[in-house]
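Beneath this line is the structure, given in structure tokens, with notes to follow.
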Amino acid sequence: MRTIDWVDGAIELVDQTLLPDRCVMLRVTTVDELIDAIRRLAVRGAPALGVAGAFGVALADGDTAAIARLRAARPTAVNLAWGVDQAAACLPQGRDAVLDRALRVRDEDIAACTAMGERGADLLDGDSLRIMTICNTGGLACVERGTALGVVQTLHERGRLAEVLALETRPLLQGARLTTWELARMGAPHRLVADSAGPYLLARGGVDAVLIGADRIAANGDTANKIGSYALALGAARAGVPFIVVAPETTIDAATPSGDHIEIEDRADHEVVEIRGVRLAPEGTRTANPAFDVTPHDLITAIVTDRRVIRP
């Protein structure tokens, strides 16, 4: 199953807000519909956003204002702007050229995920590995297979995976809702873990490696990823556990010198004070809700891309 694709003149994507209860394909025919899908996280994950951005330019049919709105729909993930720019560069050649480039962005992402899975699995030693991860980095975050969870899938296919410890990933529970759904579909053994339990389990010696994805990697290796990643990096460093970032080359932003220059998206109060419409906190409670944090490069053991292994 592809998370996102171009079908008969429109974008079709899995509406991830409905998982794990229902798997529904959403058909998107306008740029404004796509922006809405991106902002409400019907489509999410840096590589998938890159593909969505490229397809969105094809939907825009030369409307430069709509393209600019799409490019700015989510500020932290560099792949969205990258995908928009890749397709927009073909505008002078016409709509067919734009769509051709967008389709190549999709195909390149599929190939990149396969390469990352192989390279990441080759990097890890051991035949019965216990992997911890946060958020969702599988095929739902890409087109197929995934980044960090793509490595897990390759390990599972090679018979080298003992277990995945998936953090629930508050406040929107991408780990609980999406990662466990994908792990169950691939038949990989797994357990769900409360976010705050992650560092303790690392300290207790129950994990061989931490694998995360990335929404933006600065030139010095500082990495922005889902909130909670930094706490895992600190716990992994104290426990002597490898902390590995898995992301395509397109997530590396050479124009951003360090993590201090990465814009971190702050999201709405209701994501924290409610779960699926059920209120957890008193009416009027305000929140601090950063969607991402930045892990400094000195806490990262390796960055695995589709082309290389970087050791910051």
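The table below lists the values:
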| read-out | value |
| --- | --- |
| Residue in the stretch 21-33 that is over 22 Å from the mean Cα position of the chain (by Cα) and not acidic (Asp, Glu) present | yes |
| Out of Val84, Val78, Val51, sole residue that is closer than 18 Å to Asp215 by Cβ, at pLDDT below 95 and among the aliphatic types (A, V, I, L, M) | Val78 |
| Filter result (out of contact with any Leu (no Cβ under 7 Å at 6 or more places or on another chain) and among the acidic types (Asp, Glu)) within the stretch 236-274 | Glu249, Asp253, Asp260, Glu263, Glu265, Asp266, Asp269 |
| Scan of the stretch 34-85 for residues that are part of a helix (DSSP H, G or I), closer than 24 Å to Ala268 by Cβ and of a type in the set (S, T, N, Q), ordered by number | Asn79 |
| Within the stretch 182-216, tally of residues that are buried (at least 16 other Cβ atoms within 10 Å of the Cβ) and touching a His at 6+ places or on another chain (Cβ under 9 Å) | 3 |
| Positions within the stretch 140-172 being over 30 Å from Thr287 (Cβ atoms), in contact with a helix residue (DSSP H, G or I) (Cβ under 6 Å, 6 or more places away or on another chain) and outside any helix (DSSP H, G or I), in sequence order | Val143, Glu144, Arg145, Leu161 |
| Complete set of residues in the stretch 234-278 that are of a type in the set (Asp, Glu) and either crowded, with 18+ Cβ neighbours inside 10 Å or part of a strand (DSSP E or B) (or both) | Asp253, Asp266, Glu274 |
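The values are calculated or read from the model by the stated rules, or taken from the named source; none is laboratory data. Just so it is clear, the model here is predicted, and its values are computed rather than measured. Backbone-built Cβ (ideal geometry, glycine too); neighbour counts: all protein chains shown.
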